[in-house]
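Chemist: Dropping a structure here in structure tokens format, bear with me for questions.
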Amino acid sequence: MDIAIKLINALLAVVFGVLGALVLYWVLNKIVEKLPNKVEDRVKPWVFIGPAVLLVGLFLIYPAIRTIILSFANSTSTAWVGTENYTNLLGSSSFQQVLINTLLWMIVVPTMSVALGLVVAVLADRLNPRNEKLSKSLIFMPMAISMVGAAAIWKIIYEAKPAGSTQTGLLNAIWVGLGGEPQAWLQFSQLRINSLLLMVILIWLQAGFCMVLLSAAIKGVPEDTIEAGRIDGASELAIFFRIVVPQIWPTVITVFVTVLIGVMKVFDIVYVMTGGNFNTDIVGNRFFSELFTNGNAGNAAAIVVMLMIAITPFMVYQVRQFRKQEVER
Amino acid sequence: MSTPTQTAPVAGLQGRSRRRAAKVATDKGKKPNIIITTVMVLLCIAWVLPTFGLFVTSLRPEEDINSSGWWTAFANPLSATTWTLENYQGVWSGGQTPINISFVNSLAVAIPATILPIMVAAFAAYAFTFMEFPGRDWIFVAFVALLVVPNQVALVPLLQFYGQIGLTGTFPAVWLAHAGFGMPLAVYILRNYMATLPRAVIESAKIDGASHFVTFWRLIVPMSVPALVSFAIFQFLWVWNDLLVALVFLGSGENMVLTVNIKGLVGQQGQGANLLTAGAFISMVIPLLVFVGLQRYFVRGMTSGAVKG
């Protein structure tokens, strides 16, 4: 019964939300049409973009400004503390570890995702069309899986049982089969092996995304440039690195940056798998634990502000890319 | 990549025949060899194996899951005791947090959060594409810049704000948040798509005396269906798979969604750990169906530069 009510409410929200929006636009439109023509032409665009700007303003821009302000306030946002949140965080060795881990994620995950995506894109291009489609679909499929779902999937792989008993985790089964001692992999923080194993999950999720975009770029490389290389007797490897890669380089950078931005705010995988313990904590998870576990809104806000500052160069890059596209259009 | 270069003797040929010869040559150069095929087969297996392992595990009895690896199920694949649906039954309606309620909650969150932003974004995209007004380009650039802004920036103030007006833990809190967070991407995808529509159509509608409202509703919306679908898929998958926003605004109360519920199952050791596999698989069914059924739109959206930050 409860369930039926929830579903009906959701459907009602859709119907009334869509109808309401339509009626709102229609009414605003009618009102604007009553205005003198000159005024109408000036006001109408704002009627069209108004609600979108309002939503973005209310749910992104205004909260972002509030966050900056709150980052200078105490844990309950009741008194100013100056830059204390920042200095405390940056001074604490645990947060420094968080930064090191995050940096490691930012280097390893995009590099590996792009490299794997490129390898698959190039190799799949050489299969017959049916197999190409099938193999690409299989590698792309994890894109649909949530990070929580992925964590459940990889938990089975990293599972550890005490030495002597049968290993139910694939990794330990292989490890023990090769003569090793069973390891609790997610607690194995030497050389940050556990962090690397968590990164594997994200790479597994995202390589398909890179592959699709890179594959589209590779297919766009003009045949005659490759043919010219062949005629000159270049090897396939030389053709790939000297002719194909330079032409798809802009796409490689775009894909790398996109994955990188995603990695900087990853939360789910670490939160679900280790909760940030065993020296696997990263910025996204630390933000959450400051906000909820420690109830420290000031620290949480300061972490987000630092994240924003780190993302700003990519924002500039994004805008530049867009401007370039517009010129070419 | 060690295919020997198979250059056809094209040097002396001219024009069309030369091009055709070149085509044949590259097709030959692309012939799959055994190494490439092997590598690709191995990569595909590596990519599918983790999900396959989860699926097999979810169909095994609890004692078996705890005492042997999932691959051992294939030692005796036809035995009646190898497979069971107990985990699915258990996680669907049993235990303290049955997943059937979360499943409905996820639908109740994801459907409105997908559909509500579309209309708003479409109107805005129309204005950005077909109307002239001061500041237009700057406002649109602001949307582009917002694409990469992490949602985390909004969470602390929104949580405090929702707390003050008593919206925490309710569905509208999440719908509105997702509508706001998804807006830059929606406007971006739709505007980029509308910019490729033939201007002549809009001009002639204007000459026929159609207002912007009519042009939008009768012409542009029907023509933009592919882009609308692309965005809808992105947003639906994103909301359905989201953990952070759901955890912050809905938590684990009566409106708990699937991702939050499954997160709770991951924490369980021993008893109940078997339920996780079935629960995780149930949570993946809808995204995978959407994905397989609408993959073409999804890929089109991605290659047209639609990428959520």
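Readers should treat all values here as calculations from the given coordinates under stated rules, not as data from a laboratory. Note that the coordinates shown come from a computational prediction; the quantities given were computed from them, not determined experimentally. Every residue, glycine among them, receives a Cβ derived from its backbone with ideal geometry; neighbour counts consider all protein chains shown.
Chemist: With Kirkwood's inverse mean 1/r over C-alpha pairs for Rh, give me the Rg to Rh ratio of the stretch B:41-84, two decimals please.
Modeler: In the stretch B:41-84, Rg relative to Rh is 1.02.
Chemist: Along the Cα-to-Cβ line of A:VAL23, 7 Å from the Cα, sits a label point; which residues in the stretch B:149-192 have backbone N less than 20 Å from it?
Modeler: B:172, B:176
Chemist: Quote to one decimal, in nm, the extra length available between A:GLU84 and A:ILE68 on full extension: 0.36 nm per residue of separation minus the C-alpha distance between them.
Modeler: 4.4 nm is the gain from fully extending A:GLU84 to A:ILE68.
Chemist: Quick query: amide H of A:ALA73 versus all other amide H atoms, modeled in the peptide plane; which residues come in under 5 Å with a sequence gap of 5 or more or a different chain?
Modeler: A:VAL81
Chemist: Dipole magnitude of the protein assembly as shown about its Cα centre, charges +1 at Lys/Arg Cβ and -1 at Asp/Glu Cβ only, in debye to the nearest 20?
Modeler: 1920
Chemist: With viscosity set to 0.692 mPa s at 37 °C, what whole-number translational diffusion coefficient in µm²/s follows for the stretch A:45-137 from Stokes-Einstein and a Kirkwood radius over Cα pairs?
Modeler: Estimated via Stokes-Einstein, D reaches 178 µm²/s.
Chemist: Right, another one. With a length cut of 27 Å (Cα positions projected on each helix's long axis) and a Kyte-Doolittle mean of at least 0.0, go through chain A and give me the DSSP H helices that pass.
Modeler: Both cut-offs are met by A:2-34, A:37-56, A:93-124, A:193-219, A:245-264, A:297-328.
Chemist: What order, most packed first, do the peptides A:206-213, B:139-146 have when packing is the mean number of other Cβ atoms within 10 Å of each residue?
Modeler: Most protected by this proxy first, the peptides run A:206-213, B:139-146.
Chemist: Treating each Cα of the stretch B:145-209 as an identical point scatterer and ignoring solvent, apply the Debye formula and state log10 I(q)/I(0) at q = 0.16, 0.18, 0.24 Å⁻¹.
Modeler: -0.67, -0.75, -1.02
Chemist: What's the extension gain from B:THR38 to B:GLN164 if we count 0.36 nm per residue and subtract their Cα-Cα distance?
Modeler: 39.4 nm
Chemist: Output the Kirkwood hydrodynamic radius of the stretch B:215-309, Cα pairs only, in Å rounded to one decimal.
Modeler: Computed over the stretch B:215-309, the radius equals 15.5 Å.
Chemist: If only Cα atoms are counted, what is the Rg of the stretch A:2-70, and what is its Dmax, in Å?
Modeler: Here Rg and the maximum Cα pair distance are 17.4, 53 Å.
Chemist: List the equivalent ellipsoid semi-axes of the protein assembly as shown in whole Å, largest first, each obtained as the square root of 5λ for an eigenvalue λ of the Cα gyration tensor.
Modeler: 39, 37, 25
Chemist: Can you tell me the Rg and the Dmax, both Å, for the Cα atoms in chain A?
Modeler: 25.6, 86
Chemist: Determine one quarter of the surface area of the Cα convex hull of the stretch B:207-270, which equals its mean projected area, and express it in nm² to one decimal.
Modeler: Across all orientations, the stretch B:207-270 yields a mean hull projection of 7.0 nm².
Chemist: Using Cβ counts within 10 Å as a stand-in for footprinting exposure, how do A:GLU84, A:GLU290, A:GLU328 rank, fewest first?
Modeler: Listed from fewest to most nearby Cβ atoms, that is A:GLU328, A:GLU84, A:GLU290.
Chemist: If you count, for each residue, the other Cβ atoms within 10 Å and average over each peptide, how do A:51-64, B:276-289 line up from highest to lowest?
Modeler: The densest-packed peptide leads the list: B:276-289, A:51-64.
Chemist: Place +1 on the Cβ of every Lys and Arg and -1 on the Cβ of every Asp and Glu in the protein assembly as shown, take the dipole about the Cα centre, and give the residue among B:VAL56, B:PRO112, B:TYR88 whose Cα lies farthest towards its positive end.
Modeler: B:PRO112
Chemist: Using r as the Cβ-Cβ distance of A:ASN131 and B:MET223, and R0 as 35 Å, what FRET efficiency do you calculate, to the nearest 0.05?
Modeler: It comes to 0.50.
Chemist: Rule-of-thumb check for the stretch B:93-303: C-alpha Rg over 2.2 N^0.38 Å?
Modeler: 1.19
Chemist: Using 0.36 nm times the number of residues separating A:VAL316 and A:LYS34, minus their current alpha carbon distance, what extension gain do you get?
Modeler: Gain on extension, A:VAL316 to A:LYS34, equals 97.4 nm.
Chemist: Separate question: Hydropathy first: keep DSSP H helices in chain B averaging at least 1.6 on Kyte-Doolittle, then drop any whose Cα extent along the axis falls short of 18 Å, and list what survives.
Modeler: B:34-58, B:99-130, B:273-293
Chemist: A further question on this structure: Can you tell me which of A:154-164, B:104-114, A:181-191, A:116-126 comes out highest on packing, and rank the rest after it, using the mean Cβ neighbours within 10 Å?
Modeler: B:104-114, A:116-126, A:154-164, A:181-191
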